[in-house]
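Here's the structure, in structure tokens; my notes come after.
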Amino acid sequence: MDQFVLAALEQRGLSPAPRAVSHHLLRRMYLDLIGLPPGLAEQQHVADDDSPLVFDQLVDQLLASPGYGERWGRHWLDLVRYGDTNGYEKDFLKPLVYKYRDYVIESFNKDKPYDRFILEQLAGDEIPFGNTESVIATGYYRVGPWDAERGANIFKKERDEERAAQLDDMVKTTGQVFLGLTLGCARCHDHKYDPITAHDYYSLVSIFNPLQRARKGREPLTLSAATPAQLRAKDCLLYTSPSPRDGLLS
């Protein structure tokens, strides 16, 4: 690739930028891999070590550090609309939502295969190799907004509207994140130039429709992070425990 770039520069009478000095490379490496600049000790280490392998070793160290998952996991959290609160007027906290955040960070740090990463979030409670970690991954469905006022309203119309908004949030986020498609328009009508029809949209809605947020009135409840198999082994059902604020998984 560099040869092609150099040829194009030379055709235009341009010269490439000079080779980056070691402290510039060090700063770029730290900011790119963990999002933080190097400290004085790291800078001094590179200045004192003239080994050609010093940067190879630093790359391995940074990739193995917790900061790597924290730096790159946040991009995934942005995609899946992660939030510590519900939004809307009440804006209840989700005090246990950090478990999903930590799951994402650990997945990056463990270099988890992308197909496994997707499968755990979409069906972590149903896959044969499921465990507590994969159940926490299904927090993907819960990290979005929730209007507690409308969801618990005595008027059926408002409850139904909030339920439809929840399902729409799941469908649209899944389409954008996993399929690279915007599906919102298909909620109301077909577009001749779009591959997803309203029929397709509501077929996707039907997949997510069995998912219910445990709550008592406006108060969300905290769910166990055990798999169905684990719960059957204990001869019990998914339990809920009242929480004054919104929980995710315990």
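Send over the Kirkwood Rh of the stretch 2-160, from the inverse of the averaged 1/r over different Cα pairs, rounded to one decimal Å. Spell out each step's value before the answer.
Values: mean 1/r = 0.0509 Å⁻¹.
In the stretch 2-160 this quantity evaluates to 19.6 Å.
Mind running the shape call on the stretch 49-130? Use the C-alpha gyration tensor, a ≥ b ≥ c as the square roots of the eigenvalues: rounded below 1.5 for a/c, prolate if a/b tops b/c, oblate otherwise. List each step's numbers first, then the result.
Details: a/c = 3.52, a/b = 1.71, b/c = 2.05.
Verdict is oblate for the stretch 49-130.
So for Thr182, Thr222, what's the accessible-area order with a 1.4 Å probe, most first?
Working: Thr182 115, Thr222 10 Å².
Reading off the accessible areas and sorting them downward yields Thr182, Thr222.
Roughly what percent of Cα-Cα pairs across the stretch 77-234 reach past 19 Å? Provide the component values of the computation, followed by the final result.
Details: 7319 of 12403 pairs.
Of all Cα-Cα distances in the stretch 77-234, 59 percent exceed 19 Å.
What percentages, rounded to whole numbers, describe P(r) for the stretch 1-90 computed over all alpha carbon pairs with 10 Å bin width beginning at zero?
Each 10 Å bin holds this share of Cα pairs: 13, 30, 24, 22, 8, 4, 0.
Could you tell me which chymotrypsin sites (Phe, Trp or Tyr not before Pro) in the stretch 121-174 are loop residues by DSSP with no more than 16 other beta carbons within 10 angstrom of their beta carbon? Please list the in-between numbers first.
Numbers: sites: Phe129, Tyr140, Tyr141, Trp146, Phe155; in loops: Phe129, Trp146, Phe155.
Hits after loop and neighbour filter: Phe129, Phe155.
I need the Kirkwood Rh of the stretch 108-185: take the reciprocal of the average 1/r across all distinct C-alpha pairs and report it in angstrom. Walk me through the numbers before you get to the answer.
Values: mean 1/r = 0.0704 Å⁻¹.
Answer for the stretch 108-185: a Kirkwood hydrodynamic radius of 14.2 Å.
Given a 1.4 angstrom probe, what's the average accessible area per residue across the stretch 63-121, in square angstrom?
Working: 3270 Å² over 59 residues.
Accessible area per residue: 55 Å².
Provide the per-residue ³J(HN,Hα) series for the stretch 87-92, in order, calculated from phi with Karplus coefficients 6.51, -1.76, 1.60 and θ = phi - 60°, each as a whole number of Hz, with x at glycine and proline positions.
Karplus-based 3J(HN,Hα) across the stretch 87-92 equals x, 6, 5, 5, 6, 4 Hz.
If you project the alpha carbons of the stretch 82-141 onto their three principal axes, what span does each projection cover, largest first, in Å?
Rounded to whole Å, the extents work out to 38, 24, 16 Å.
Quickly rank 101-110, 75-84, 207-216, 188-197 as a protection proxy: mean count of other C-beta atoms within 10 Å, highest first. If you can, show how the numbers build up before the last one.
Details: 101-110: 19.0, 75-84: 14.9, 207-216: 12.7, 188-197: 10.9.
The densest-packed peptide leads the list: 101-110, 75-84, 207-216, 188-197.
Would you work out which of Ile105, Ala214, Leu122 lies farthest towards the positive end of the dipole of the stretch 95-240? Charges go on Cβ: Lys and Arg +1, Asp and Glu -1.
My answer, from the dipole projection, is Ala214.
Modelling each spin label as a point 7 Å along the Cα-to-Cβ direction, I'd like the Lys90/Ala214 distance in nm, to one decimal.
Taking the two extended label points, one gets 1.7 nm.
What residues qualify as long-range amide H neighbours of Arg215, i.e. H under 5 Å apart, gap of 5 or more or another chain, H built at 1.01 Å from N?
Those qualifying (amide H under 5 Å, at least 5 residues apart or on another chain) are Leu221.
Carbon-plus-sulfur fraction of the accessible area of the chain, 1.4 Å probe, in percent?
Details: 8790 of 15500 Å².
That share works out to 57 percent.
Near Lys216, which lysines are there with a Cα under 28 Å away, not counting those fewer than 8 places off in the same chain?
Lys90, Lys94, Lys99, Lys156, Lys157, Lys172, Lys234
Sequence-distant or interchain residues sharing an amide H contact under 5 Å with Leu96, placed H: which?
Leu248, Leu249
Around Ala198, with a cut-off of 15 angstrom between Cβ atoms, what is the net charge of the other residues, counting Lys and Arg +1 and Asp and Glu -1? Mind showing how you got there, number by number?
Numbers: positive: Lys172, Arg187, Lys192; negative: Asp168, Asp190, Asp194, Asp200.
Surrounding charge for Ala198 is -1.
The values are calculated or read from the model by the stated rules, or taken from the named source; none is laboratory data. The structure displayed is predicted, hence computed values, not measured ones. Backbone-built Cβ (ideal geometry, glycine too); neighbour counts: all protein chains shown. SASA here: full protein model, heavy atoms, side chains in, ligands and nucleic acids out. Shrake-Rupley method; radii C 1.70, N 1.55, O 1.52, S 1.80 Å.
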